[in-house]
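Student: This is the structure I have questions about; it appears just below.
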Amino acid sequence: MAGRREGPLMRIGGQHSRGSRIAIAVAIGVLLGCVFAFLYPDGVIKSSRSFAGSNSARLSQVISSSCASSTERIKTLESQLAILTGKNRELSSQVNDLSMKLQIAGQGNTKALYKAGAFGTVKGFRKNPVVICDESVNPRLAKSLQQVAINNELIVALANSNVQSMLELWFTSIKRVGIKNYLVVALDDNIESFCKERDVPVYRRDPDEGIDSVAKTGGNHQVSGLKFRILREFLQLGYSVLLSDVDIVYIQNPFDHIYRDCDVESMSDGHSNATAYGYNDVFDEPAMGWSRYAHTMRIWVYNSGFFYIRPTVPSIELLDRVADRLSHEPKSWDQAVFNEELFFPSHPGYEGLHASRRTMDIYLFMNSKVLFKTVRKNSSLKKLKPVIVHLNYHPNKFERAKAVVEFYVNGNQKALDGFPDGSE
Ligand SMILES: *[C@@H]1O[C@H](CO)[C@@H](O)[C@H](O)[C@H]1NC(C)=O
Ligand SMILES: *[C@@H]1O[C@H](CO)[C@@H](O)[C@H](O)[C@H]1NC(C)=O
């Protein structure tokens, strides 16, 4: 568990030059500064304000001296950062990490914290830091995850008895690829014993846990809400999760093809580069004459049945927002809600989520529309080896999934031919 969260400072410690020892000292200083800035973003002003009372002269004096000291602190941080940058170019990635911590420390702070670099060198930050592991949220799950996860990440699927045969095809493909870090969250006893008998890592939630009554008695959308609540615990325990539906065939190990640079990295429901990655869609309203063309941006939704989510604050906020909406909007569809929360910007009366997002490659993380409508008919695309195929676009999932195994695993070039593009 500790391996992946080894901080930049620990890596600096591995070098032996005198320069690096200075760097360690400076880095510790910067980090302490960051921590302090975190805890007291406005210095001690706030607490001073509360007891300054009506003595406004004294109050402004307190504020100005606090401001001065916090400006000084920021100046010190900046100059320490500058020293670090100059001292050792090898440390540039560590400097980046520290600079990001500085950015976080400055969140909600209106004070300027740093200078923008030269043209073309400036990069906002998308890789949010991971949360501190909190085992108290679920010690039993924490224990299972220590055994199952590799590099603090794992595939997680929820399953009940309705999907047993699909689940079997799912874990058989996972085992065939040699993936070890996966876990089935069993929603009933039958699935739990089914997995145990087949040596499939399984976790059964405690039956008395409040939200489980939802799993048994709730409607479909409420069970979807459950997925987001369960996921939250995994993230709180410090793990990155590749959430997977069970109508998915694994052909390669997805962990070899994930970027890990965003809060959420998801497969797309798109069927082409444009639809999956976004495009300019022009809306035409002839009555407007000169301005008849209005430009819009479109992107096909992310598939909420297969996404990689890092244990960050925006990720957990996303899960909470989706679960909350699903429990209050009985008619909503979890995938639509998931996408709205991810993509809609802040606007009057609404504060948008600020999570970073990455769309997975549509030929590596392939949906069944891409496969059956395009790939199987194109001799060059047919040669590509996907990482997974998700049978999300078709109702006869089991038959098509078996055909996918025949085609990609057993090399039967005709295995996909008998199916229509869509359902009939
Ligand atoms: C789709 O995008 C991929 C990755 O950017 C690129 O390699 C490929 O050429 C694109 N295909 C088409 C048809 O534009
Ligand atoms: C096959 O796919 C490639 C890559 O998207 C594309 O460039 C090519 O035109 C396609 N061929 C046919 C026959 O559609």
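Student: Would you be so kind as to identify which of 356, 343, 375 lies farthest towards the positive end of the dipole of region 300-377, taking Lys and Arg as +1 and Asp and Glu as -1 on Cβ and the Cα centre as origin?
Tutor: About the Cα centre, the residue reaching furthest to the positive side is 375.
Student: Could you sort the peptides 291-297, 194-200 by per-residue average Cβ neighbour count (10 Å cutoff), highest mean leading?
Tutor: 194-200, 291-297
Student: Once the Cβ-Cβ distance between residue 143 and residue 277 is put in as r, and R0 is 41 Å, what FRET efficiency do you end up with, to the nearest 0.05?
Tutor: Between residue 143 and residue 277 the formula returns 0.55.
Student: Hey, with R₀ at 41 Å, roughly what FRET efficiency would residue 287 and residue 131 work out to, going by the Cβ-Cβ distance, to 0.05?
Tutor: 0.20
Student: A follow-up question, please. Can you list residues from other chains, or at least 5 along the same chain, whose modelled amide H is less than 5 Å from the amide H of residue 182?
Tutor: 155
Student: Just to be sure I follow: if Rg is taken over the C-alpha atoms of region 235-280 and Rh is the Kirkwood radius over the same atoms, what is Rg/Rh?
Tutor: Rounded to two decimals, Rg/Rh equals 1.01.
Student: For region 242-347, what is the convex hull volume of its Cα atoms per residue in Å³?
Tutor: It is 169 Å³ per residue.
Student: Per-residue HN-Hα couplings for region 372-381, Karplus 6.51 cos²θ - 1.76 cosθ + 1.60 at θ = phi - 60°, whole Hz, x for Gly and Pro?
Tutor: Working through the residues one at a time gives 7, 8, 10, 4, 5, 9, 10, 4, 7, 5 Hz.
Student: Stretch residue 409-residue 256 to full length: gain in nm at 0.36 nm per residue minus the Cα-Cα span?
Tutor: So the chain would gain 53.3 nm between residue 409 and residue 256.
Student: Also, I was wondering about something else. Find out how many positive minus negative residues lie around residue 415, taking Lys and Arg as positive, Asp and Glu as negative, among other residues whose Cβ is under 13 Å from that of residue 415.
Tutor: It works out to a net charge of +2.
Student: Please compute the net charge surrounding residue 203, taking Lys and Arg as +1 and Asp and Glu as -1 over other residues with Cβ under 9 Å from its Cβ.
Tutor: Overall, the nearby charge balance is +2.
Student: Moving on. Order of 276-283, 376-383, 404-411, 343-350 by packing, highest average Cβ count within 10 Å first?
Tutor: Highest to lowest by the protection proxy: 404-411, 276-283, 376-383, 343-350.
Student: Round to a whole angstrom and tell me the spacing of the C-alpha centers of region 139-171 and region 258-273.
Tutor: For region 139-171 versus region 258-273, the Cα centre distance is 21 Å.
Student: Step through the table entries 227/397; 377/397; 123/143; 180/382; 196/227; 143/227, compare each Cα-Cα distance with 30 Å, and write down the pairs that go over it.
Tutor: 123/143
Student: How much area per residue is accessible in region 110-175 when the probe is 1.4 Å and only protein heavy atoms are counted (Å²)?
Tutor: 59 Å²
Student: A follow-up question, please. Bin width 10 Å, alpha-carbon pairs only: give the P(r) of region 274-316 as whole percents, running from 0 to the bin holding the largest distance.
Tutor: The calculated distribution, bin by bin, is 23, 28, 25, 14, 10.
Student: Roughly how many debye, to the nearest 20, is the charge dipole of region 321-373 about its Cα centre, given +1 on each Lys and Arg Cβ, -1 on each Asp and Glu Cβ, and no other charges?
Tutor: For this selection, approximately 260 debye.
Student: Return the long-range amide H neighbours of residue 238 (sequence gap of 5 or more, or a different chain), with a cut-off of under 5 Å between placed amide H atoms.
Tutor: Correct list: 134.
Student: Turning to a different aspect of this structure: Need one number: nm distance between label points at residue 168 and residue 199, each 7 Å from Cα along Cα→Cβ, rounded to one decimal.
Tutor: About 1.7 nm, to one decimal.
Student: At 0.36 nm per residue, and after removing the present C-alpha to C-alpha distance, how many nm does the segment from residue 295 to residue 118 gain when stretched out fully?
Tutor: The span from residue 295 to residue 118 would gain 60.5 nm if fully extended.
Student: Name the residue from 308, 288, 319 whose Cα lies farthest towards the positive end of the charge dipole of region 280-332, charges +1 on Cβ of Lys and Arg and -1 on Cβ of Asp and Glu.
Tutor: 308
Student: If you don't mind, there's one more thing I want to ask. Karplus couplings for region 270-286 from phi (6.51 cos²θ - 1.76 cosθ + 1.60, θ = phi - 60°), rounded to Hz, Gly and Pro as x?
Tutor: Going residue by residue, I get x, 10, 7, 4, 4, 5, 7, 9, x, 8, 8, 10, 8, 9, 10, 10, x Hz, with x marking Gly and Pro.
Student: Ranked from highest to lowest mean number of other Cβ atoms within 10 Å per residue, what is the order of the peptides 413-423, 126-136?
Tutor: Going by the mean number of other Cβ atoms within 10 Å, highest first, we get 126-136, 413-423.
Student: Under a point spin-label approximation (7 Å from Cα along Cα-to-Cβ), what is the residue 328-residue 398 distance to one decimal in nm?
Tutor: 4.0 nm
Student: Let me know the Kirkwood hydrodynamic radius for region 282-424, please, with Cα pairs as the basis and the value in Å to one decimal.
Tutor: Computed over region 282-424, the radius equals 18.3 Å.
Student: Go through region 180-194 residue by residue and turn each phi into a ³J(HN,Hα) via Karplus (6.51, -1.76, 1.60, θ = phi - 60°); whole Hz please, and just put x for glycine and proline.
Tutor: Using θ = phi - 60°, the values come out as 9, 8, 9, 8, 9, 8, 7, 9, 8, 5, 4, 5, 4, 6, 4 Hz.
Student: To the nearest 20 debye, what is the magnitude of the charge dipole of region 270-387 about its Cα centre, counting +1 on the Cβ of each Lys and Arg and -1 on the Cβ of each Asp and Glu?
Tutor: Once rounded to the nearest 20, the dipole reads 980 debye.
Student: Tell me, what is the FRET efficiency for residue 161 and residue 73 to the nearest 0.05, using R0 = 51 angstrom and their Cβ-Cβ distance as r?
Tutor: 0.30
The values are calculated or read from the model by the stated rules, or taken from the named source; none is laboratory data. Computed from a predicted structure; not experimentally measured. We place every Cβ from the backbone using ideal geometry, glycine too, and count neighbours over all the protein chains shown. Note: areas computed on protein heavy atoms with side chains; ligands, DNA, RNA excluded. Shrake-Rupley method; radii C 1.70, N 1.55, O 1.52, S 1.80 Å.
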